[in-house]
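A.B. asks: Got a structure for you, written out below as structure tokens; questions coming shortly.
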Amino acid sequence: MSGSAARLYGLHLAVIAALFVVQFALPAYHYGNVTRIMLYAVFAIGYNILLGYTGLLSLGHALFFAAGAYGAGLTAHWWDFGPIAALASGIGAALLVSLLTGAIVYRTTGVAFLIVTLMLAQAAFLSTLYFNTITLGDQGIVLSLPPVEIFGASLGLADPMVKYNVALLAFALALLLSLWLLRSPFGRVLIAIRENEARTRLLGYNTALYRFTALVISGTLSGLAGALYCLLFGYVGSSFASLQYSTEPLLWTLLGGAGATLGPLLGTGIMYYLIEIASRFTSSYMIIVGLALVAITLWFPAGLAGWLRRWRRAP
């Protein structure tokens with residue numbers, strides 16, 4: 001491993017270690033917030049693989065988040081699956097939905113890709129409402145799960161420390177996977193597709209297949225976030241498939257810096273607390289969020305991670 005690669009991996013491991021250590025000093029309120037931020041960051045990391053690495057703008061990622069959440073929640077509620085089996089079901093559901101979606105949007109790019117993914121996500125949202133005898137619609141399903149038995153220890157998912165560390169483990173795996181993917185030959189081809197797909201195709205690469213694979217990886221990671229959110233917080237409802245859950249990962253990624261591996265965490269954390277603070281002063285808090293995003297777009301077009309990178313390299 002080269003010196004630059006070692007420093008890069010060292011930085012990411014230091015972020016993971018910092019998140020592990022900081023839990024022992026966080027107040028209870030922020031403890032729960034950081035748990036949610038890490039789960040949402042997994043969602044944003046999945047989205048970043050598609051937008052930041054491959055250059056595909058999706059407005060349908062709620063489809064994958066909801067697939068993971070419902071895959072876990074429905075099996076736990078109706079078939080009494082345990083937490084581990086329900087998690088596997090959620091990941092499997094997200095993988096299957098990602099494969100089917102990839103087969104539909106296989107050759108679409110640009111605006112066509114955005115519109116098709118939006119339509120598919122909205123169809124899924126309406127389906128959760130239509131089949132409300134199964135999904136319970138807007139009311140949603142509230143879960144009460146048994147503890148997980150690991151090496152003789154009983155871990156209750158309602159325990160805040162268990163929630164935090166499960167979310168941290170998922171975030172660490174997603175972050176290191178995205179870093180490895182970015183530096184791999186496969187990731188280099190994705191970046192080439194983002195920069196100039198026509199030239200990449202002329203070099204002999206099957207760009208449609210690479211885009212399909214990127215979508216499957218992105219959707220499965222997003223589904224992992226949905227499944228864990230459902231299991232750790234004991235709820236899944238139609239709102240998980242709504243447009244809000246398609247636009248939020250886009251905002252998190254743009255705010256943090258599309259294409260930057262740590263951008264999703266940075267963007268998710270800032271956006272989460274921006275909404276939290278703004279909602280204390282007005283019910284129209286999204287106006288404040290929108291103005292903040294416009295300002296960031298004008299003055300930090302590469303996102304906060306891109307600005308920090310340039311600031312660090314400045315003489």
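A.B. asks: Name every residue in the range 77-91 that is assigned to a helix (DSSP H, G or I), open to solvent by 10 Å² or more (accessible area, probe 1.4 Å) and not polar (S, T, N, Q), in order of residue number. If you could, list the steps in order and put the result at the bottom.
C.D. replies: Step one: of the range 77-91, the residues assigned to a helix (DSSP H, G or I) are 77-78, 83-91.
Filter once more, keeping what is open to solvent by 10 Å² or more (accessible area, probe 1.4 Å): 77-78, 83-85, 87-89, 91.
Hits for the range 77-91 are HIS77, TRP78, PRO83, ILE84, ALA85, LEU87, ALA88, ILE91.
A.B. asks: Then there is this: For the structure I just gave you, tell me whether LEU96 is under 18 Å from the mean Cα position of the chain (by Cα) and either crowded, with 16+ Cβ neighbours inside 10 Å or assigned to a helix (DSSP H, G or I) (or both). Full working, then the answer.
C.D. replies: Details: under 18 Å from the mean Cα position of the chain (by Cα): yes; either crowded, with 16+ Cβ neighbours inside 10 Å or assigned to a helix (DSSP H, G or I) (or both): yes.
Spelling it out, LEU96 is indeed under 18 Å from the mean Cα position of the chain (by Cα) and either crowded, with 16+ Cβ neighbours inside 10 Å or assigned to a helix (DSSP H, G or I) (or both).
A.B. asks: With the requirement that a residue be surrounded by fewer than 24 Cβ atoms within 10 Å (Cβ to Cβ) and either among the small types (Gly, Ala, Ser) or part of a helix (DSSP H, G or I) (or both), what does the range 40-58 give you?
C.D. replies: Residues satisfying the conditions are LEU51, GLY55.
A.B. asks: Continuing with this model, one more query. Scan the range 99-127 for residues that are exposed (fewer than 14 other Cβ atoms within 10 Å of the Cβ) and not in a helix (DSSP H, G or I) and jot them down.
C.D. replies: If the condition is that a residue be exposed (fewer than 14 other Cβ atoms within 10 Å of the Cβ) and not in a helix (DSSP H, G or I), then TYR106, ARG107 are the ones that fit.
A.B. asks: Could you list, in sequence order, all residues of the range 75-88 that are within 21 Å of the chain's Cα centre (by Cα) and touching a residue at least 40 places away in the same chain (Cβ under 8 Å)?
C.D. replies: Selection gives PRO83, ILE84, ALA86, LEU87.
A.B. asks: Report whether or not LEU202 is out of contact with any Pro (no Cβ under 8 Å at 6 or more places or on another chain), farther than 25 Å from PRO264 by Cα and among the hydrophobic types (A, V, I, L, M, F, W, C). Walk me through it before giving the result.
C.D. replies: Numbers: out of contact with any Pro (no Cβ under 8 Å at 6 or more places or on another chain): yes; farther than 25 Å from PRO264 by Cα: yes; among the hydrophobic types (A, V, I, L, M, F, W, C): yes.
Judged against the criteria, LEU202 is a match.
A.B. asks: Considering (1) open to solvent by 10 Å² or more (accessible area, probe 1.4 Å); (2) touching a residue at least 60 places away in the same chain (Cβ under 8 Å); (3) not β-branched (Val, Ile, Thr), say which one PHE64 fails and leave the rest.
C.D. replies: It fails just one condition, (1).
A.B. asks: For the range 175-188, indicate whether the set of residues that are more than 18 Å from ARG36 (Cα to Cα), over 16 Å from the mean Cα position of the chain (by Cα) and among the aromatic types (Phe, Trp, Tyr) is non-empty. Let's see the steps before the verdict.
C.D. replies: So in the range 175-188, the residues more than 18 Å from ARG36 (Cα to Cα) come out as 176-188.
Add one more test, that the residue is over 16 Å from the mean Cα position of the chain (by Cα), and what stays is 180, 182-188.
Those left that are additionally among the aromatic types (Phe, Trp, Tyr): 180, 186.
Yes, because at least one residue in the range 175-188 is more than 18 Å from ARG36 (Cα to Cα), over 16 Å from the mean Cα position of the chain (by Cα) and among the aromatic types (Phe, Trp, Tyr).
A.B. asks: For the range 94-122, what are the residues that are modelled with pLDDT under 95 and hydroxyl-bearing (Ser, Thr, Tyr)?
C.D. replies: Selection gives TYR106, THR108, THR109.
Okay, residues lined up against (1) under 29 Å from GLN139 (Cβ atoms); (2) polar (S, T, N, Q); (3) assigned to a helix (DSSP H, G or I):
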residue: THR253; (1), (2), (3): no, yes, yes
residue: ALA260; (1), (2), (3): no, no, no
residue: PRO264; (1), (2), (3): no, no, yes
residue: ILE277; (1), (2), (3): no, no, yes
residue: MET286; (1), (2), (3): yes, no, yes
residue: GLY290; (1), (2), (3): no, no, yes
residue: ILE296; (1), (2), (3): no, no, yes
residue: GLY306; (1), (2), (3): no, no, yes
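A.B. asks: Additional query: Please tell me if THR268 is open to solvent by less than 10 Å² (accessible area, probe 1.4 Å), closer than 27 Å to LEU120 by Cβ, in contact with a Leu (Cβ under 7 Å, 6 or more places away or on another chain) and assigned to a helix (DSSP H, G or I).
C.D. replies: no
The values are calculated or read from the model by the stated rules, or taken from the named source; none is laboratory data. What you are looking at is a predicted structure, and each value in this text was computed from that prediction instead of being measured. Cβ coordinates were reconstructed from backbone atoms using ideal geometry, including for glycine residues, and neighbour counts include every protein chain displayed. Remember, those area values only see protein heavy atoms, side chains included, never the ligands or the DNA or RNA. Shrake-Rupley method; radii C 1.70, N 1.55, O 1.52, S 1.80 Å.
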